[in-house]
Amino acid sequence: MGMKPAGAKTISQYFAQIEEPRRSDVKALHDMIVKAVPKLKPSIQVGMIGYGTYHFKYASGREGDWPIIALASQKSYISVYVCASERGEYVAEKHKQEMPKASVGKSCIRFKRLSDIDLKTLEKVIKIGARVMSKTAAV
């Protein structure tokens with residue numbers, strides 16, 4: 001199906017590599033994320049559309065940069081990553097019950113199509129994640 005974009009350098013290249021109807025879903029999600037968290041600059045990061053960046057450092061000494069919010073078109077799913085935890089709880093996982101048609105892990109929300117996700121809930125999770133991370137990250 002060619003749903004997982006590879007090697008895109010710009011967001012428009014990323015979109016161009018996704019087939020319809022998935023492309024429209026991913027574009028709509030991108031528009032929603034940009035409106036929800038306007039301070040987080042969108043760019044291609046680690047093969048996805050990332051919004052904002054934070055620097056991480058593990059106890060092992062490994063460190064790097066990662067998007068605060070990320071949007072990815074993968075082979076079977078659209079994935080939204082909200083890399084934030086509050087009081088020891090992952091923000092995405094905490095709101096899992098409000099997104100019954102999505103597969104929700106610690107920081108990843110996966111769904112097949114836009115109609116499978118409650119956009120208001122997703123927007124709320126993204127805004128909370130961005131707020132939590134902006135306290136600890138250099139955005």
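The values are calculated or read from the model by the stated rules, or taken from the named source; none is laboratory data. Model, not experiment: these values are computed from the prediction. Here the Cβ is made from the backbone with ideal geometry for all residues, glycine too, and neighbour counts use every protein chain on show. Just the protein is used for accessible areas: all its heavy atoms, side chains included, with ligands, DNA and RNA removed. Shrake-Rupley method; radii C 1.70, N 1.55, O 1.52, S 1.80 Å.
Things worth noting here:
- Cβ-Cβ under 6 Å pairs, at least 6 apart or on other chains, segment 109-127 side open to solvent by 40 Å² or more (accessible area, probe 1.4 Å), far side part of a strand (DSSP E or B): 110/79; 110/103
- Residue in segment 40-59 that is hydrophobic (A, V, I, L, M, F, W, C), under 14 Å from residue 129 (Cα atoms) and without any contact (Cβ under 8 Å) to a residue 40 or more places away in the chain present: no
- Matching helices (runs of 4 or more DSSP H) fully within segment 1-106 where at least 3 residues are surrounded by 14 or more Cβ atoms within 10 Å (Cβ to Cβ) and of a type in the set (A, V, I, L, M): 22-36
- Qualifying position, being closer than 18 Å to residue 21 by Cβ and β-branched (Val, Ile, Thr), among 109, 117, 68, 128: 117
- Residue match in segment 107-126 (condition: in contact with an Asp or Glu (Cβ under 7 Å, 6 or more places away or on another chain) and in a loop (DSSP other than H, G, I, E, B)): yes
- Boolean, residue 134 is surrounded by fewer than 17 Cβ atoms within 10 Å (Cβ to Cβ) and over 12 Å from the mean Cα position of the chain (by Cα): no
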